[in-house]
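See below for the structure under consideration.
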Amino acid sequence: MEPANNNIKISCRNVWKVYGENPGQFFTGQNGDVRDSEDLRQKLKDSGHIGAACNVSFDVHQGEIFIIMGLSGSGKSTMVRCLSRLIEPTAGEVLLDGVDLLKISDADLIEFRRHKMGMVFQNFGLLPHLTVLENICFPLKVQGIDLLKREARAREVINLVGLEGREDSFPRQLSGGQQQRVGIARSLAVEPEVWFLDEPFSALDPLIRRQMQDEFLRLQKMLHKTIVFITHDFLEALRLADRIAIMKDGVVVQIGTPAQLVLSPTDAYVAEFTKDVPRVRIITAGEIIDSNKNSDGISFRVEAAATLEKIMPLFNDHPEGLIVERDGVDIGVVTPQVVVNALATAGDAS
């Protein structure tokens, strides 16, 4: 299922990042649009080159949380850095609002980063000699915004992330979760259109990490940013993602909603990620509907986004089934047997 808003904000097309001596030799005349990627990957390997990202393509929709995940060395962090050109791709296209970021000048790229991109990384990247307020003001100062305006904007995002009263604190005086909030606030200060986050919570303790995930979802509900989020934690991806791309050895193995990955893993690698996932918390009514079943005699309705965990108890009072609706429109029916079949299929897939 595609996101409800199909407006494409970021389009990644046939992107390669190759390390080694003169990697560009493999792409001469092909403009990075390499169809026979397996053959090229073998040539790279035989010549001692390393393909950190290999023929990667995906779209990110306006307002979507798109998560790229995989094990260490899979290429996920390489990809988010290619999207922002912190790492220069060897070949391919990265389109932001239709503009190929790989073809624009350095000056234009700087402007894109200053005004359209927000970035948050695992190590926070705070300036230790600056206060919370000064850290958050820093990117606005780089933009040339005057002191009063940048401090006013900084105070807005300080309130947004719940750091009121810590404006004059230095990073060393903050907890890990508070430091990460400063990093998030600093990236939001420039009001970015797209937001890149590379394992932003992985250095935090489990309880603080979950709190930051809750905070992240709260902010997204308010701000509706277009987000590319990197993680190696599948449970984190399930909590946060609209869609997930799973990478292995520089290649995108599968892209789909959390439920699609759980119900229909493309191979054993994806199935391994999903095997311990509680299916009833992931699969939604809208993803298992029987669109052909007649709804006569069925009156109780549930939202398409309702998980099986929420709808299964309803069958006690409505054994005949439930009508599933999306945006006020009936789209099908879910019965106890449909749920059983879906859970059995998910179990077989893993």
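Nothing in this text is a laboratory measurement; each read-out follows from the coordinates by a stated rule. Keep in mind the model is a prediction, meaning the values are calculated, not measured. Cβ sites come from the backbone with ideal geometry, for glycine too, and all protein chains shown count toward neighbours.
Ordered by residue, what ³J(HN,Hα) values in Hz, to whole numbers, does segment 325-338 give under the Karplus form 6.51 cos²θ - 1.76 cosθ + 1.60, where θ = phi - 60° and Gly and Pro are x?
Karplus-based 3J(HN,Hα) across segment 325-338 equals 10, 10, 6, x, 10, 5, 10, x, 10, 10, 10, x, 5, 4 Hz.
Suppose each label sits 7 Å from its Cα in the direction of the beta carbon; what would the Asp330-Arg218 distance come out to in nanometres?
4.0 nm
Quick one: angle between helix 176-189 and the longest Cα principal axis of the chain, in degrees between 0 and 90, rounded to 10, please.
80 degrees
Only loop residues by DSSP count here, and only those with at most 11 other Cβ atoms within 10 Å; note down the trypsin sites (Lys or Arg not before Pro) in segment 59-133 that meet that.
Filter output for segment 59-133: Lys103.
Arranged by the count of other C-beta atoms within 10 angstrom, fewest first, what order do Glu93, Glu111 take?
With the fewest neighbours first, Glu93, Glu111 line up as Glu111, Glu93.
Using the number of other C-beta atoms within 10 angstrom as an exposure proxy, rank Ser299, Ser37 with the fewest first.
Starting with the residue having the fewest Cβ neighbours, the order is Ser299, Ser37.
Assuming R0 = 30 Å, what is the FRET efficiency of Ile50 and Ile104, from their Cβ-Cβ distance, to the nearest 0.05?
After rounding to 0.05, the efficiency reads 0.65.
List the chymotrypsin sites (Phe, Trp or Tyr not before Pro) in segment 269-350 that DSSP assigns to loop (not H, G, I, E or B) and whose Cβ has at most 15 other Cβ atoms within 10 Å. Which are they?
Phe300
Within straight cross-link reach of Lys45, meaning Cα distance under 23 Å, which lysines are found once same-chain residues fewer than 8 apart are removed?
Cross-link targets: Lys17, Lys76, Lys248.
With axes computed from alpha carbons, what is the tilt in degrees of helix 37-46 against the longest principal axis of the chain, rounded to the nearest 10 within 0 to 90?
50 degrees
Would you mind ranking His232, His49 by Cβ crowding within 10 Å, fewest neighbours first?
His232, His49
Just to confirm the number: angle between the C-alpha axis of helix 147-160 and the first principal axis of the chain, 0 to 90 degrees, nearest 10?
Its long axis makes an angle of about 30 degrees.
In whole percent, what relative contact order does the chain give with Cα contacts below 8 Å and a gap of six or more residues?
Reported as a whole number, the value is 18 percent.
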